Structure formats: structure tokens, C-alpha cells
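In what follows, a structure is listed as C-alpha cells, so that the remarks can point back to it.
The values are calculated or read from the model by the stated rules, or taken from the named source; none is laboratory data. Small disclaimer: the values here were computed from a predicted structure and weren't measured. Heads up, the Cβs are rebuilt from the backbone with ideal geometry, glycines too, and the neighbour counts pull from every protein chain shown. Only protein heavy atoms, including side chains, enter the accessible area calculation; ligands, DNA and RNA are left aside. Shrake-Rupley method; radii C 1.70, N 1.55, O 1.52, S 1.80 Å.
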Amino acid sequence: MKTIIEPFRTKVVEAIKFTTRSEREEILKKAGYNLFQIRAEDVMVDFLTDSGTSAMSSEQWAALMRGDESYAGCSSYFRFEEAVQQIFGFPIVIPVHQGRAAERLLFGELVKANHIVPSNTHFDTTRANIEFLGGEAIDLPCQEAKDFSSISPFKGNMDIEALRALLKAKAESIPFIMVTVTNNAVGGQPVSVENVREISQLARQFGKPLFIDAARFSENAYLVKLREPAYADKSIGYIAREMFGLADGCMMSAKKDGLANMGGFIALKDKALANSVRNRLIITEGFSTYGGLNGRDLETIAVGLREAMDEDYLCYRLAAAKYLASGLSAAGIPVVEPSGMHAVYIDAKKMLPLIEPRYLPGQRLVCELYLECGLRSCEIGTAMFGHTKADGSQEPARQELVRLALPRRVYGQSHYDYVIEACQLVQERSQSLVGMTIVSEPPLLRHFTARFSPLQPAKCKPLAAVGVTQK
Ligand code: F0G
């Protein structure tokens, strides 16, 4: 059969509230044109994130009832520990309430002021946790990642020569090396086992530990199976063990490939490091067998991690992302190629070429998509990664992307068709869209709470300057 069906059926449904365009205009204005500031019930299709938004399976709901809520040594912890040990191969498993708690605890032990932490590309909370400790988070994406339209199998990889040069020049300032699989910040692109092997060899050579951010480990392993010939006939479990066997530990937000609504963990080999991390855990998160989670959360993660490795599920998941990406491409919308599995990324710089990066084309696009059809998406560009210069203008980010993140097991084909149609309608009037400015912003992770304002049309680049005549 050519048709790939969802490998599940619906048992419970959640109603979507329909809104009109004029209602959405009002909602957006009140929220300072920041989609993180609007109520979820005012969203019709929520592609803000694939994090914590999965639909749980009946097996997860059943496991939830088994949750042991004892303060210390709950049986749920041991089921959770066993699942993590089996999949990732690290002996020590420390639960935390979500990925950024893992980052804060592990980095709190290892990162000191002026340290440098290289990665294929840091996710925003990873970067913020390093910077918060006075360190510098350095991205070393491979060359192919820089061209959004190039088709290359492992655009999530790290630039090995750049890592080698950095280690040679600044080894004493580097406490560890990080790799994020898949590489969320460059479009959800996978990292090959071969690349992790090379990073691991360099790490050993320079005596540095290697940690993997495993948020989307099973999606990464599936793409390895499809694209890295040595693993074509290997199971997802085998590929995961092979990759994590090259590292000294991992952190995971179980809100992604854990198919859970909350949770995460740190898994380590080093006992002394684990003990210090646990001491921090007890101060701020909770006892070491629950780490800020309920027993029932631990149960749902233990089941979810295994379900996320099911190849029928992964095949459907990739097909859904490809369906959305090819629908958008067919409508002439520039998307990052090849599409990842957890999200499809629109290149807002190309889609809205009249809006200069300092006037936030991505932010304009997320607002416009919300107005068009009630879609919530996420800007990954200057609003998220740029910064305000002393003169008040914007230092643009390297990229202007809009991410349509796909919650796991939640939306069906008609939702995707609806989103494709809305994107096309926005595309058709892209030449009349103006940019935005930032009205207020916090010092860190500004995209969550910043307020924006649409520019007056006069401030945009004149259309003639980019060779376009207005209709
Ligand atoms: N690492 C990666 C690669 C992530 O994508 C995220 C979260 C985290 C760490 C932090 O985990 O949210 O559980 O604290 N990514 C979400 C996203 C928020 O929308 O991509 P968390």
C-alpha cells in the first residue's frame, strides 16, 4: 500500500473552538503580537511546539494508574530507571521535571564563568543555561546546515574540523562537548552515528566528556536507519545504543520522544558527578527517585520511550511531516529541506523578502498565520535569537525561520490541509505585509514575553529596491 495510515485510532477527542478573523485580530493585539501570550483555547491548530503536547496512548493511561506516589523509592522510579537504562545504556538515571531542569543541574556542576561549550547547535534553553552561568555557548553546525535548500542527509551534524580547531585553541576553557539529536535549532535535522563517533574520538583525545541532548533520539535513530547505510537493517534500539554508547551521558526532555506531557532525566556513567547532581536535585527539584515528577509521570515516560521507538509510528510520523512540507512546497512556500520529523520550517526571509531581518519577518509571519486561520506557530529568528543593540536597533539572527511543530499523534490530514491553504493565502499577499518592532523585552529568552508592534508601512524597504512592483 502507498497510503500510510496513522497507526492508532481515536478513543477520546478534544474540541477545537472556532474563532473569526476579527476575534483573532483583537486577541493578537491584546497579546502584544506574541503568540506565547495568547490562550490555548483561542488557537485552532497549535503547532507552537511538539513538546509536552503528545496524545498519550491507552497503554500510557493504563500505566498512569500504576503510579506509585511514595516519596522515596517508589516502584514507578524503578520501572522508569529500567527503561532508560535499557534504551540509553547509562547506569545512573536521575529524573527531572523537564529538559531545562536537566540542563540547569548538569551545567551547574560543570560550567564556570568564561567556559566555552561547543555543540552542533544549542537549543535556546541550553544556550540560556550556559550563559546564565557566565559561559559561552558556541554553535558549530556543519556547512550543509547553512543552506536551507540543500538536500543532504545529516544536516544536523557538527563541523568536525571547527570542533578540532576550537579544542586545539581553547581546550582548557571547554568543560564538555554537547550534541543535540535531532538538531532542533537548524530545522530538526538528524545527526549521523558517524558524526557522533568522530566527535567522541575528539572528545577522548582532548579528555573532555561528551553529553547528548536526547530530546528527539528516536526520530534521529529512524532517520539514521533510513539514511546511514551501515544502519539500514538495524533496529531503532540498536541505533540508539550505538549512538549513546559513544557518549558519557545524556539529558532528555521526555516531553518530545518520551511521548509524555511532562518529565525528563539525566543519565550518566560518572558516579561522583551523579552524586553532586543529585545533591542539587534534592535542593530544588525533589528526592532522587522522583525529581519533581509524580510517580504516574515516571510510568508514562517508561511506556512512552518504548512506544516512540516503534517503526510503524516513526514511519507515520515522518510521512506526516513530509506531507505538510511537500504541500507547502507545492504551494510555492520556501521550506527547509529536507523536512525533519518533528517540524516543518518555513524560510520567512524568502517568503517575506520585503521585510528586512531587523524588522522581524518571522514574527510577522507567525502573526499573519494566526490571523489567517488560528494557527499558532513559532518564530525562530531575530525575535528569538537576535538582540537589541545599544542604539535600540536589532542585531539580526543568522536565520529567519518559522517552525510548524507537529504534536505527536494529535492532528490528522485535514488539519495539515487547512494549514497549507492558510500558508498559501498569506503567501499570496506577502508583498503587502510590513515588519514589526519590539516594544518591550526581558533580559533572557525574550521571545516568551516580549511585546511587539506592527511597523507603519513607510518604514519598510521600498518595493522598487527589491525589484518588485506592488499590485
Ligand atoms: N533540548 C532540546 C533539543 C529541546 O528542543 C528542548 C525543548 C529542550 C532541550 C528543553 O526541554 O522544554 O523540557 O525544558 N524544546 C521545546 C521546543 C520547548 O518547542 O522545541 P524542556
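For every residue, the table says whether it meets (1) among the hydrophobic types (A, V, I, L, M, F, W, C); (2) touching a residue at least 60 places away in the same chain (Cβ under 8 Å); (3) touching a Cys at 6+ places or on another chain (Cβ under 7 Å).
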| site | (1), (2), (3) |
| --- | --- |
| GLY374 | no, yes, no |
| ALA383 | yes, yes, no |
| THR388 | no, no, no |
| ASP391 | no, no, no |
| GLN394 | no, no, no |
| GLN399 | no, yes, no |
| LEU406 | yes, yes, no |
| ARG409 | no, yes, no |
| TYR416 | no, yes, no |
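Just one of VAL84, VAL12 is open to solvent by 40 Å² or more (accessible area, probe 1.4 Å), outside any strand (DSSP E or B) and not charged (D, E, K, R); which is it?
Within the list VAL84, VAL12, the selection yields VAL12.
Quick test of your reading of the structure: ALA215 fulfils all but one of (1) out of contact with any strand residue (DSSP E or B) (no Cβ under 8 Å at 6 or more places or on another chain); (2) among the aliphatic types (A, V, I, L, M); (3) part of a loop (DSSP other than H, G, I, E, B); (4) open to solvent by less than 20 Å² (accessible area, probe 1.4 Å). Name the failing condition by number.
If we test ALA215 against (1) out of contact with any strand residue (DSSP E or B) (no Cβ under 8 Å at 6 or more places or on another chain); (2) among the aliphatic types (A, V, I, L, M); (3) part of a loop (DSSP other than H, G, I, E, B); (4) open to solvent by less than 20 Å² (accessible area, probe 1.4 Å), just (1) comes out false.
Residue by residue through segment 196-207, note down the ones that are open to solvent by 30 Å² or more (accessible area, probe 1.4 Å) and either within 30 Å of SER51 (Cα to Cα) or in a strand (DSSP E or B) (or both).
Hits for segment 196-207 are ARG197, GLU198.
Go over the candidates TYR238, TYR222 one by one and state the one that is over 21 Å from the mean Cα position of the chain (by Cα) and either hydrophobic (A, V, I, L, M, F, W, C) or not in a loop (DSSP other than H, G, I, E, B) (or both).
TYR238
Of all strands (runs of 3 or more DSSP E) completely enclosed by segment 89-195, which ones contain at least 1 residues that are crowded, with 24+ Cβ neighbours inside 10 Å and within 16 Å of the ligand (Cβ to nearest atom)?
92-96, 116-119, 177-180
Let's see how each residue does on (1) polar (S, T, N, Q); (2) farther than 18 Å from GLN363 by Cβ; (3) touching a helix residue (DSSP H, G or I) at 6+ places or on another chain (Cβ under 8 Å):
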| site | (1), (2), (3) |
| --- | --- |
| SER393 | yes, no, yes |
| ALA397 | no, no, yes |
| ALA422 | no, no, yes |
| SER432 | yes, no, no |
| GLU441 | no, no, no |
| THR449 | yes, no, yes |
| PHE452 | no, no, yes |
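Looking at LEU281, LEU259, LEU314, which one is open to solvent by less than 20 Å² (accessible area, probe 1.4 Å), out of contact with any Lys or Arg (no Cβ under 8 Å at 6 or more places or on another chain), within 28 Å of ALA405 (Cα to Cα) and at pLDDT 95 or above? Walk me through it before giving the result.
Values: LEU281 fails: within 28 Å of ALA405 (Cα to Cα); LEU259 fails: out of contact with any Lys or Arg (no Cβ under 8 Å at 6 or more places or on another chain).
Step by step, each of LEU281, LEU259, LEU314 is checked, and only LEU314 is open to solvent by less than 20 Å² (accessible area, probe 1.4 Å), out of contact with any Lys or Arg (no Cβ under 8 Å at 6 or more places or on another chain), within 28 Å of ALA405 (Cα to Cα) and at pLDDT 95 or above.
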